[in-house]
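**Q** One structure follows; several queries about it will come next.
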Amino acid sequence: MQINALAEKLGWKLLTECDGSDRTAEGCYCGDLLSWVMGRAKADDVWLTVMGNINAIAVAALADVSAIVLVESAVLDSEALARANQQEIAVYSTDVPAYETALKVAQTLE
Amino acid sequence: MSMLKLHYIVPGDDFTRAGEASGDVKHKLKKLGYNPTAIRRVAIAMYEGEINMVIHAGGGEAFVEVDPEKVEIVLVDKGPGIADVSKAMQEGWSTAPDNVRSLGFGAGMGLPNMKKYSDEMTIDSVVGEGTTLKMIIYAQSTKL
């Protein structure tokens, strides 16, 4: 499923210029420790996290996740926003916690 | 036959710039039409190496050589060295300071990830002098 379609269905708010319409969600990974994410997430996973810093954007780009979703309204800092726009990474926000968000992603992708 | 030879300076203590070298390598490999799985493995392994040099060694240098069969990454620093390489290779073992952990690093997964994503890895480290780490990733590897 296309990222922007998934986001619309689940009510996520877009924070970046890129909406992920050129990427698809093939799975989902939850985690905040960056090396753990790089070691375990798969390419084209949607990544659910509370890490909204510039390093999270680098990890998303290098690990080829299809989008970042900042759960529980975690903040995307201005440096990270600029880098995400530059690298065309889609970042969304939701006030829903990671567990419920992952459940919804799983149900939608079934 | 070498397709590309690249050299980067990785600045120390600057987490905002870590990832520039690995990002550039990723971009250049994409342009060459390299195997996408190999590109992802190169990008992650090299980023972990960059972060390690930023956290532990005050920066360092990265040398990357690309040929059709493989990518070779050599990371050289003049940091404190790794006292116990086998411990450093264990998942969860970390000597990273707390300020680094608050950024999301320091989980003790850096070297294990580099080992996981590379086909060959050698660490040559001398305490008090520095560390040279070499990784090879084959374009057609079926490791992952």
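The values are calculated or read from the model by the stated rules, or taken from the named source; none is laboratory data. This is a predicted model, so every value here is computed, not measured. Quick reminder, even Gly has a Cβ in these numbers, built from the backbone with ideal geometry, and neighbours come from all protein chains shown.
**Q** Tell me, yes or no, whether region A:23-39 has at least one residue that is within 12 Å of chain B (Cβ to nearest Cβ), in contact (Cβ under 8 Å) with a residue 12 or more places away in the chain and among the β-branched types (Val, Ile, Thr).
**A** yes
**Q** A further question on this structure: Name the residues in region B:88-129 that are in contact with a Pro (Cβ under 8 Å, 6 or more places away or on another chain) and either at positive phi or in contact (Cβ under 8 Å) with a residue 40 or more places away in the chain (or both), would you?
**A** B:106, B:127, B:128, listed by residue number.
**Q** Of all helices (runs of 4 or more DSSP H) completely enclosed by region B:64-137, which ones contain at least 2 residues that are surrounded by fewer than 16 Cβ atoms within 10 Å (Cβ to Cβ)?
**A** So the answer is B:85-88, B:98-101.
**Q** Can you name the number of the only condition in (1) under 14 Å from the mean Cα position of the chain (by Cα); (2) closer than 24 Å to residue B:16 by Cβ; (3) free of Cβ contacts under 8 Å to residues at least 24 places away in the same chain that residue A:44 fails?
**A** Among (1) under 14 Å from the mean Cα position of the chain (by Cα); (2) closer than 24 Å to residue B:16 by Cβ; (3) free of Cβ contacts under 8 Å to residues at least 24 places away in the same chain, residue A:44 violates only (2).
**Q** Now a separate question. Could you identify the single residue in B:60, B:81, B:92, B:12 that is away from every other protein chain (no Cβ under 14 Å) and at pLDDT below 95?
**A** Among B:60, B:81, B:92, B:12, only B:12 is away from every other protein chain (no Cβ under 14 Å) and at pLDDT below 95.
**Q** Oh, and also: Consider residue B:43 carefully, then state whether it is assigned to a helix (DSSP H, G or I) and in contact (Cβ under 8 Å) with a residue 60 or more places away in the chain.
**A** Spelling it out, it is not the case that residue B:43 is assigned to a helix (DSSP H, G or I) and in contact (Cβ under 8 Å) with a residue 60 or more places away in the chain.
**Q** Within region B:116-137, identify whether any single residue is closer than 22 Å to residue A:53 by Cα and touching a Ser or Thr at 6+ places or on another chain (Cβ under 8 Å), and answer yes or no.
**A** Within region B:116-137, not a single residue is closer than 22 Å to residue A:53 by Cα and touching a Ser or Thr at 6+ places or on another chain (Cβ under 8 Å).
**Q** Ok, one more. Touching a residue at least 60 places away in the same chain (Cβ under 8 Å) and of a type outside the set (Val, Ile, Thr) - does that describe any residue in region B:18-33?
**A** No, because not a single residue in region B:18-33 is touching a residue at least 60 places away in the same chain (Cβ under 8 Å) and of a type outside the set (Val, Ile, Thr).
**Q** State which residue is farthest from residue A:39 (Cα to Cα) when the search covers only region B:97-114 and only residues that are more than 9 Å from chain A (Cβ to nearest Cβ) and at pLDDT 95 or above.
**A** Going through the qualifying residues, I end up with B:111.
**Q** Using the structure shown, decide if residue A:70 is touching a strand residue (DSSP E or B) at 6+ places or on another chain (Cβ under 6 Å) and either more than 25 Å from residue B:38 (Cβ to Cβ) or touching a residue at least 12 places away in the same chain (Cβ under 8 Å) (or both).
**A** It is true that residue A:70 is touching a strand residue (DSSP E or B) at 6+ places or on another chain (Cβ under 6 Å) and either more than 25 Å from residue B:38 (Cβ to Cβ) or touching a residue at least 12 places away in the same chain (Cβ under 8 Å) (or both).
Listed here are the residues, each with its yes/no results for (1) charged (D, E, K, R); (2) under 27 Å from residue B:18 (Cα atoms); (3) within 14 Å of another protein chain (Cβ to nearest Cβ).
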site: A:10; (1), (2), (3): no, no, no
site: A:65; (1), (2), (3): no, yes, yes
site: A:80; (1), (2), (3): no, yes, yes
site: A:87; (1), (2), (3): no, yes, yes
site: A:90; (1), (2), (3): no, yes, no
site: A:95; (1), (2), (3): yes, no, no
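**Q** Tell me which residues, restricted to region B:15-57, are under 20 Å from residue B:134 (Cβ atoms), within 13 Å of another protein chain (Cβ to nearest Cβ) and surrounded by fewer than 18 Cβ atoms within 10 Å (Cβ to Cβ).
**A** Of everything in region B:15-57, just one residue is under 20 Å from residue B:134 (Cβ atoms), within 13 Å of another protein chain (Cβ to nearest Cβ) and surrounded by fewer than 18 Cβ atoms within 10 Å (Cβ to Cβ), namely B:24.
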